[in-house]
There are 2 protein chains.
Amino acid sequence: MKVSILNIGDELLIGQVVNTNAAQMSQMLTQAGMAVSGVFTVGDLSEDIEKYLRHCLSVSDAVLITGGLGPTKDDITKKTLCDFFGSELYENEEALENVRRIVASHGRELTEINRLQAWVPRCCTMINNVLGTAPCMWFETDDRPSKVVVSLPGVPFEMVNLMETEVVPRLKAHFRMGAIVNKNVLLHGIGESFLSDLIEPWELALPENIRLAYLPQPGLMKLRLTARGDDSAKLQSQIDEALSGLYPLAGQYIVGEDAESLPELVARTMAGKTLATAESCTGGNIAAKLTALAGASGYFRGGIVAYSNEVKECALGVRHETLVRHGAVSEETVREMAAGARERLGADYAVATTGVAGPSGGTPEKPVGTVWIAVASKEEVHAELLHLTGRRAQIVERTCNAVFAALLKVYNKWV
Amino acid sequence: MKVSILNIGDELLIGQVVNTNAAQMSQMLTQAGMAVSGVFTVGDLSEDIEKYLRHCLSVSDAVLITGGLGPTKDDITKKTLCDFFGSELYENEEALENVRRIVASHGRELTEINRLQAWVPRCCTMINNVLGTAPCMWFETDDRPSKVVVSLPGVPFEMVNLMETEVVPRLKAHFRMGAIVNKNVLLHGIGESFLSDLIEPWELALPENIRLAYLPQPGLMKLRLTARGDDSAKLQSQIDEALSGLYPLAGQYIVGEDAESLPELVARTMAGKTLATAESCTGGNIAAKLTALAGASGYFRGGIVAYSNEVKECALGVRHETLVRHGAVSEETVREMAAGARERLGADYAVATTGVAGPSGGTPEKPVGTVWIAVASKEEVHAELLHLTGRRAQIVERTCNAVFAALLKVYNKWV
């Protein structure tokens, strides 16, 4: 079953906003077993919306549209869809009730402009958007079998909630899709081509209804197994069996399962323990990634961003002599940073980074990409030297993932 | 002059990668005075690439293509373009030299697969990609006036470098575009609709060749003035004159000019001074945003992510009594955090945040979105209470921008 995505909004065409909606929608659709055949981004122009909607319908079974649902005159998606389907707008009771509730929760009065949000074309099924005032609209064409057009708000968290709770389940039902079971495995320390060689015999022996996807990120490899069939329970045990064959080949690189990212795994692993951070070259990114997930306060005590040597000394207790003798980017320094953070911030575990993220600051002995990381536990301090390539942001990203992987390994006593 | 963007890659259609290229290219093209009429994302399928290239050429003057230029058999953009233009591939000397240099810099031998990267269609102009092995290719159609098709690598930093140094200047020359001058003004503390009402008389009186764009971000408003004409110097003075009329109306909200983001302004302002951070609810994001810009070590000493109360006490010296009496989210606490960070990390200025980012943790007195921020200087500690709306990530984003704006104001003695 093929889906096209049509993202509408002038702000996308001037580069003011990055189109994260397309990636999030594609990910959700792919995981539900649907194939995204194309993503089209056009401005708030009625004739463009109509033209590309017509095109999308000609190449796919369903079209998901985002954006252009605001109450201002720039936003013309609703009117355009209404005309496209030869329908007329009416005030929907349930949508109005929702708008009223949201406006009241902000302590404001319902205005005429607010009220306009509750008007929808008669021919569509209104899907209530509990997080926002713009309703989601579900249209079906006269084709046999009928195709589906869904109009969603462009606000990312409203779109995600509607996709998860309403649109994806309804699409599955409408197109009578079979069962699908996904499984993620996260690996660290091996590149795509080496991994692919290593697990080739296993991959070739996978049952025909199980597909494998390589999803590399900077410093992290995500493998996704997708099983399709009729019976979820059966698919689940099929996946479990397949997975048991992966560990003998690549187990040393596997850091966890069933997570989209390493911070998710760290949060799960650290439950009941406490963690502190000491960051130099990652400049706060490790702490920011951990605290981006709600509930981080359950295990994360805090961290020190020790960008200058003075802060390494005064806030982490790195010895002046260590910095002078070995330099800021050294095994000795990173060990003292991790141990200092663990002790001073009173945590069970602490992680530390110090390195040259570039673009300047490299030397022949310690070129850009030279990074030391460490994990301190009650028992020991584990340190690793990384030689990373890429630009500043990628080096930081790769370092963060290396730190999360090292923490999981130390915690699980794999190192 | 109209441009279409065609992004190629299966990884974009499964949502593995967010299409940041489209936004970056759109921004650069818009600032150069070109209009992006649509962005199309398709998979690595020859027939799709050809179909959408044909379509893009029918609706625009130039088509910029990214991706599908790797040496593996999945990557078919080059072959498809070669066929589309009825040309044949040959080994380009300059491209080969570049590939050889890059392979050697990684200490590796040139392989046959590396060498394939240097093959390009005879009919195109090869534009050397100094940062990567995939050359950029410039094609012109037989139309009168001729249209342009450019194939760029999908690796973001390679694409950006080629756009800046080669593609945008060549497009300007090919389409004989006039001069264009842009000016950014950053404002804080006022929403789009209020600002628009406030500056309406000024906006209506702008010369016809100057356009104004509102570019809102969470907790920040960017206004962009774009002047078009023949003579850059004249446009510059026209912009300066226009801008002088904005200050009497909205000067109190203006935090700076000629920057894309507040961290950029902070970096410029802090030159010769030092800064430290003390973050609770922002969890390291302020430090991460500041250190994302190369050269941050010139002014940024470091920071404390004081997520737990114990860390607020032990690392920042917030008094236990203050936390017990007023709570972690209070004016008293944020003031002690900022003062503590400034003193302990030995900086001229320090900023601090403490608040409820949600989704849980809110109370009737301090609901989600209640955030205290502070800026400490040698002379004083300035504190502000924010009442923010949105989800966790947005509250963090808005808090960061409020902190940067407050720092600039304190530094410039506007508060």
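The values are calculated or read from the model by the stated rules, or taken from the named source; none is laboratory data. Treat the numbers as computed from the prediction; the structure is a model and nothing was measured. Neighbour counts run over all protein chains shown; Cβ positions are idealised from the backbone, glycine included.
Condition check: in contact with a strand residue (DSSP E or B) (Cβ under 7 Å, 6 or more places away or on another chain), outside any helix (DSSP H, G or I) and surrounded by fewer than 17 Cβ atoms within 10 Å (Cβ to Cβ). Does A:S87 satisfy that?
yes
Can you find a residue that is crowded, with 22+ Cβ neighbours inside 10 Å, more than 7 Å from chain A (Cβ to nearest Cβ), out of contact with any Ser or Thr (no Cβ under 8 Å at 6 or more places or on another chain) and not in a helix (DSSP H, G or I) anywhere in the stretch B:24-35?
Within the stretch B:24-35 (the criterion being crowded, with 22+ Cβ neighbours inside 10 Å, more than 7 Å from chain A (Cβ to nearest Cβ), out of contact with any Ser or Thr (no Cβ under 8 Å at 6 or more places or on another chain) and not in a helix (DSSP H, G or I)), the answer is yes, since at least one residue qualifies.
Only one residue in B:K147, B:K172 is among the basic types (K, R), surrounded by 14 or more Cβ atoms within 10 Å (Cβ to Cβ) and under 25 Å from the mean Cα position of the chain (by Cα). Which one?
Just one listed residue meets the conditions, B:K172.
Given the criterion modelled with pLDDT under 95 and closer than 24 Å to B:P218 by Cα, identify the matching residue among B:P263, B:P359.
Working: B:P263 fails: modelled with pLDDT under 95.
Of the residues listed, the single one that is modelled with pLDDT under 95 and closer than 24 Å to B:P218 by Cα is B:P359.
Given the conditions (1) out of contact with any Lys or Arg (no Cβ under 8 Å at 6 or more places or on another chain); (2) outside the structural domain of B:C400 (by TED's automatic domain parsing), and given that B:I239 satisfies all but one, which numbered condition is not satisfied?
(1)
State whether one or more residues within the stretch A:42-58 are buried (at least 22 other Cβ atoms within 10 Å of the Cβ), more than 12 Å from chain B (Cβ to nearest Cβ) and not in a loop (DSSP other than H, G, I, E, B).
yes
Which one is surrounded by the most Cβ atoms within 10 Å (Cβ to Cβ) among residues in the stretch B:200-252 that are over 24 Å from the mean Cα position of the chain (by Cα) and closer than 30 Å to B:A393 by Cα?
Once the filter is applied, the top-ranked residue is B:A250.
Could you figure out which of (1) in contact (Cβ under 8 Å) with a residue 40 or more places away in the chain; (2) closer than 22 Å to A:E260 by Cβ isn't true of A:G191?
(1)
In the list B:G355, B:G390, which residue meets the criterion of being out of contact with any Pro (no Cβ under 8 Å at 6 or more places or on another chain) and assigned by TED's automatic domain parsing to the domain that holds B:L275?
B:G355
Do we find a residue being under 22 Å from A:V168 (Cβ atoms) and in contact (Cβ under 8 Å) with a residue 12 or more places away in the chain anywhere in the stretch A:99-108?
No: zero hits.
(1) more than 9 Å from chain B (Cβ to nearest Cβ); (2) within 26 Å of A:N114 (Cβ to Cβ); (3) β-branched (V, I, T): which one isn't true of A:V63, the others all being true?
That leaves (2) as the condition not met.
Keeping to the stretch A:346-363, report how many residues are out of contact with any Phe, Trp or Tyr (no Cβ under 8 Å at 6 or more places or on another chain) and more than 14 Å from chain B (Cβ to nearest Cβ).
Selection size over the stretch A:346-363: 1.
Just give me the residues in the stretch B:207-224 being without any contact (Cβ under 8 Å) to a residue 24 or more places away in the chain, out of contact with any helix residue (DSSP H, G or I) (no Cβ under 9 Å at 6 or more places or on another chain) and closer than 24 Å to B:G369 by Cβ, in sequence order.
Initial filter on the stretch B:207-224 (without any contact (Cβ under 8 Å) to a residue 24 or more places away in the chain): B:208, B:211-215.
When the remaining residues are screened for being out of contact with any helix residue (DSSP H, G or I) (no Cβ under 9 Å at 6 or more places or on another chain), the result is B:208, B:211.
None; the set is empty.
Select the strands (runs of 3 or more DSSP E) contained entirely in the stretch B:127-208, then report the ones holding at least 1 residues which are farther than 24 Å from B:Y52 by Cα.
Counting at least 1 such residues, we get B:179-187.
When you check A:L243 against the structure, is it touching a residue at least 12 places away in the same chain (Cβ under 8 Å), in contact with a helix residue (DSSP H, G or I) (Cβ under 8 Å, 6 or more places away or on another chain) and not in a strand (DSSP E or B), yes or no?
So A:L243 fails the test.
Here is a list: B:G251, B:G303, B:G272, B:G256. Which entry is assigned to a strand (DSSP E or B) and more than 10 Å from every other protein chain (Cβ to nearest Cβ)?
The match here is B:G256.
Give me a count of the residues in the stretch A:90-126 that are loosely packed, with under 14 Cβ neighbours inside 10 Å and assigned to a helix (DSSP H, G or I).
8
Do you know which residues across the stretch A:310-327 are within 13 Å of chain B (Cβ to nearest Cβ) and among the basic types (K, R)?
A:K312 - this is the single residue of the stretch A:310-327 that is within 13 Å of chain B (Cβ to nearest Cβ) and among the basic types (K, R).
From the list A:S280, A:S377, A:S330, exactly one residue is at the interface with another protein chain (Cβ under 9 Å from one of its Cβ atoms) and among the hydroxyl-bearing types (S, T, Y). Which is it?
Exactly one residue qualifies, and that residue is A:S280.
Residue by residue through the stretch B:275-300, note down the ones that are of a type in the set (S, T, N, Q), surrounded by 24 or more Cβ atoms within 10 Å (Cβ to Cβ) and not in a strand (DSSP E or B).
Of everything in the stretch B:275-300, those that are of a type in the set (S, T, N, Q), surrounded by 24 or more Cβ atoms within 10 Å (Cβ to Cβ) and not in a strand (DSSP E or B) turn out to be B:S280, B:T282, B:N285, B:T291.
For the stretch A:331-412, which fully contained strands (runs of 3 or more DSSP E) count at least 1 residues that are under 24 Å from the mean Cα position of the chain (by Cα)? Before you say what the answer is, go through the steps one by one.
Numbers: elements: A:349-355, A:370-376, A:381-387.
The strands (runs of 3 or more DSSP E) meeting that bar are A:349-355.
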